[in-house]
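The values are calculated or read from the model by the stated rules, or taken from the named source; none is laboratory data. The shown structure was predicted, so the numbers you read here are calculated from the model rather than taken from an experiment. We place every Cβ from the backbone using ideal geometry, glycine too, and count neighbours over all the protein chains shown.
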Amino acid sequence: MTLEYYGVKSFAALKVDGSPITEADKASNEILNRELKRIRDLPILSEENNILPYDVRRNWDSFWLVDPLDGTKEFLNANGEFTINVALIEKDKPAVGVVYAPAKSVVYFSTGGGSFRKDTKTSETTRIKSSKTRGDILRVVVSRSHLNLETKAFIVELKKVHDQLELVVAGSSLKICLVAEGSADIYPRFGTTMEWDTAAAHVIARYAGKKVFNVETKEELTYNKEDLRNPWFIVE
């Protein structure tokens, strides 16, 4: 559906937080809200829905966590690096995750019994499980749109202990998926992200043998917090 709008010059309005929103965001959100209710009638926490207060959300044992168009800037730039993210959250932990990259004809998914990558053109599905050993070159994923000073400083520190380092530039939740499938080794995110940005890919990384953890506490990220912003985190 989002491909109907892809590559077409379209107007992007700005939300209160300054981030862009397009007609594709709205259309994708409408479809997901309708279809997820048919799959399992649970509350839906979506970037493009009205966010209910924590006093209501705190009582949710299970809910859908959705980003109908992750990487709107990448979508507008037509570089293919945008995704649709859907996660099922159970007791504040992501249990099922789907990350769909329509322009790349790829969908990553996990229901807890492993993580998989499917080519939507050929229907070929492969299980992904990243290696626990690293090669001679440390491959570091960085954001195409949000490479800040803190991340650059972290990379400088990595260079002190790794002779060879390669930056892998990507957008949206694909960055986490690249680590999950073994195309990169580490993804540091030292900036603002929201729960719907990470939850679906978090499941895929976890069941591919990787961790998504809070930089300060070293604990795995949790969801449905009062403040829906994620802490700084690392995927490796």
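In region 55-75, is there at least one residue being touching a helix residue (DSSP H, G or I) at 6+ places or on another chain (Cβ under 8 Å) and over 16 Å from Trp196 (Cα atoms)?
Yes, region 55-75 contains a residue that is touching a helix residue (DSSP H, G or I) at 6+ places or on another chain (Cβ under 8 Å) and over 16 Å from Trp196 (Cα atoms).
Take Glu35 and tell me if it is over 19 Å from Arg229 (Cα atoms), part of a helix (DSSP H, G or I), in the same structural domain as Ile21 (by TED's automatic domain parsing) and at pLDDT 95 or above. Let's see the steps before the verdict.
Details: over 19 Å from Arg229 (Cα atoms): yes; part of a helix (DSSP H, G or I): yes; in the same structural domain as Ile21 (by TED's automatic domain parsing): yes; at pLDDT 95 or above: yes.
Criteria met by Glu35.
Kindly indicate whether Lys26 is out of contact with any strand residue (DSSP E or B) (no Cβ under 6 Å at 6 or more places or on another chain), outside any loop (DSSP other than H, G, I, E, B), at pLDDT below 95 and not hydroxyl-bearing (Ser, Thr, Tyr). Let's see the steps before the verdict.
Numbers: out of contact with any strand residue (DSSP E or B) (no Cβ under 6 Å at 6 or more places or on another chain): yes; outside any loop (DSSP other than H, G, I, E, B): yes; at pLDDT below 95: yes; not hydroxyl-bearing (Ser, Thr, Tyr): yes.
It is true that Lys26 is out of contact with any strand residue (DSSP E or B) (no Cβ under 6 Å at 6 or more places or on another chain), outside any loop (DSSP other than H, G, I, E, B), at pLDDT below 95 and not hydroxyl-bearing (Ser, Thr, Tyr).
Test of understanding: among Thr217, Thr126, which residue is under 26 Å from Arg57 (Cα atoms), modelled with pLDDT of 95 or more and not basic (Lys, Arg)? Give the derivation first.
Working: Thr126 fails: under 26 Å from Arg57 (Cα atoms).
Exactly one of Thr217, Thr126 is under 26 Å from Arg57 (Cα atoms), modelled with pLDDT of 95 or more and not basic (Lys, Arg), namely Thr217.
Please specify each residue of region 43-69 satisfying the condition of being in contact (Cβ under 8 Å) with a residue 24 or more places away in the chain, in a loop (DSSP other than H, G, I, E, B) and under 21 Å from the mean Cα position of the chain (by Cα).
Restricting attention to region 43-69, the residues satisfying the condition of being in contact (Cβ under 8 Å) with a residue 24 or more places away in the chain are 45-48, 51, 54, 57-58, 60-69.
Imposing the further condition that a residue be in a loop (DSSP other than H, G, I, E, B) reduces the set to 47-48, 51, 58, 60-61.
Within region 43-69, Glu47, Glu48, Ile51 meet the criteria.
Restricting to region 76-97, name every residue that is surrounded by fewer than 24 Cβ atoms within 10 Å (Cβ to Cβ), farther than 22 Å from Arg144 by Cβ and under 15 Å from the mean Cα position of the chain (by Cα).
Correct list: Leu88, Lys93, Ala95, Val96.
Show me the strands (runs of 3 or more DSSP E) entirely contained within region 183-236 in which 3 or more residues are surrounded by 24 or more Cβ atoms within 10 Å (Cβ to Cβ). Give the steps one after another, and end with the answer.
On the way: elements: 187-189, 212-214, 233-235.
Where strands (runs of 3 or more DSSP E) fall fully within region 183-236, none carries at least 3 residues being surrounded by 24 or more Cβ atoms within 10 Å (Cβ to Cβ).
Name the single residue, out of those in region 167-182 being in contact (Cβ under 8 Å) with a residue 60 or more places away in the chain and not in a helix (DSSP H, G or I), that is farthest from Gly71 (Cα to Cα).
Among residues in region 167-182 that are in contact (Cβ under 8 Å) with a residue 60 or more places away in the chain and not in a helix (DSSP H, G or I), the one farthest from Gly71 (Cα to Cα) is Glu181.
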